[in-house]
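Below is one structure, written out as structure tokens; the observations come after it.
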Number of protein chains: 2
Amino acid sequence: MTTAKRDTYTPETLLTVAVRVFNERGYDGTSMEHLSKAAGISKSSIYHHVSGKEELLRRAVSRAIDGLFAVLDEPGATRGRPIERVEYVTRRTVEVLMAELPYVTLLLRVRGNTKTERWAMERRREFDQRVSDLLKAAAADGDLRSDMDIRLATRLLFGMVNSLVEWYRPQRDGEAERAQVTEAIVHLAFDGLRTHP
Amino acid sequence: MTTAKRDTYTPETLLTVAVRVFNERGYDGTSMEHLSKAAGISKSSIYHHVSGKEELLRRAVSRAIDGLFAVLDEPGATRGRPIERVEYVTRRTVEVLMAELPYVTLLLRVRGNTKTERWAMERRREFDQRVSDLLKAAAADGDLRSDMDIRLATRLLFGMVNSLVEWYRPQRDGEAERAQVTEAIVHLAFDGLRTHP
């Protein structure tokens, strides 16, 4: 990552730096001083762009949230059998996680100490609920195994998908690898690891 | 949780308190002062039991690591077809996670800043590798889907299993719930969510 120059600073590059520092130090552990040092600009220059670190947090998690919710409005998520829709949403959620990795990492780590964090957690719950509703509809169709509690299935699905932020690191040959990871998650979640005779 | 009394303090109760504080504040963010306050005993009393906070960390993560490695020596993990052994290890790993929740939570969160943390991460990798080897053997038997990279499968399996520490909270009717969670994870991982005609 190159360091942005003073004279080319934009709210967008400031956001990139802020998300990196938030992920490294934790949001609570980050001061305006840390952001100023990491960005190489004065605190007053930062205040020229944003009202403070909570605004940077809001912008950053909004980017992740907007990316995730946009998936739910795509044709693949709104048309067809629920089982196909939930599989589509899973695939696209993984793609958004990988494309917006630092932003989603931050979203998954917020802890609810500020208004913005609580709002972000509420939106995450809404997203999980939408996926849970799709799973419920798939179960009602008989397309989902009937011996599994839907709330539990949702948690395990997101547990697996969200673990990406712990171990996925973009490689140079990114596209092939991203496709491999995406397919592996979808296959594991819907068909399992075992071969079926 | 009741507060242990001064006169009944043992290394075991001190460990319980330390693990709780480490999980709340992070290991880096915990001082001997924090431990002393949380335990309700003086720092010198703590030093009577242990050499310092790193020894408490070592004891705590050892408990989690020993519990996990013990699974690999159980008959279910050493006899039979590899696919059955890896399924057994998955089930027992989930049980150990739930039984030793605060200890495993701490183990999964260590970050490698101290010698003890690096040792714990190395042991975790060893455990993952042992499970990965079982998955490889199951694939060689033709019992595992052939289109999945084993390293990736191992990560996704542990991603799902380890997500427990984020959302599982023991309930009063613990045993039935624990069994339900365990079966859900094993079913999802090996057979997937979808019904197979």
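Throughout, read-outs are computed from the coordinates displayed, never taken from laboratory work. Nothing here was measured: the structure is a model prediction, and the numbers come from that model. Backbone-built Cβ (ideal geometry, glycine too); neighbour counts: all protein chains shown.
Each eigenvalue of the Cα gyration tensor of region A:25-118, multiplied by 5 and square-rooted, gives one semi-axis; in descending order these are 34, 12, 11 Å. Helical runs assigned H by DSSP (4 residues or longer) give chain A a calculated mean residue ellipticity at 222 nm of -23000 deg cm²/dmol, each run adding -39500 (n - 2.57) before division by the residue total. Starting from the label point of residue B:74 at 7 Å along Cα→Cβ, the same points in the other copies fall at 4.0 nm, in ascending order. With Rg and the Kirkwood Rh both taken from Cα atoms, where does Rg over Rh land for the protein assembly as shown? Across the protein assembly as shown, the Cα-based Rg/Rh ratio is 0.99. Restricting attention to the protein assembly as shown, the count of lysine pairs at 8 or more positions apart or across chains with alpha carbons under 29 Å apart stands at 16. The rule of thumb for compact globular proteins, 2.2 N^0.38 Å, goes into the C-alpha radius of gyration of region B:6-50 1.04 times.
Between residue B:151 and residue B:125, the contour length at 0.36 nm per residue exceeds the alpha carbon distance by 8.2 nm. Normalised by 2.2 N^0.38 Å, where N is the number of residues, the C-alpha radius of gyration of region A:61-191 stands at 1.05.
Each other copy holds its own label point for residue B:32; taking that point as 7 Å from Cα along Cα to Cβ, the gaps run 3.7 nm, nearest first. With the convex hull of its Cα atoms as the shape, region B:69-129 has an orientation-averaged projected area of 4.3 nm².
When the Cα positions of A:48, A:86, A:187 are compared along the charge dipole of region A:46-197, A:48 comes out farthest toward the positive end, with charges on each C-beta of Lys, Arg, Asp and Glu.
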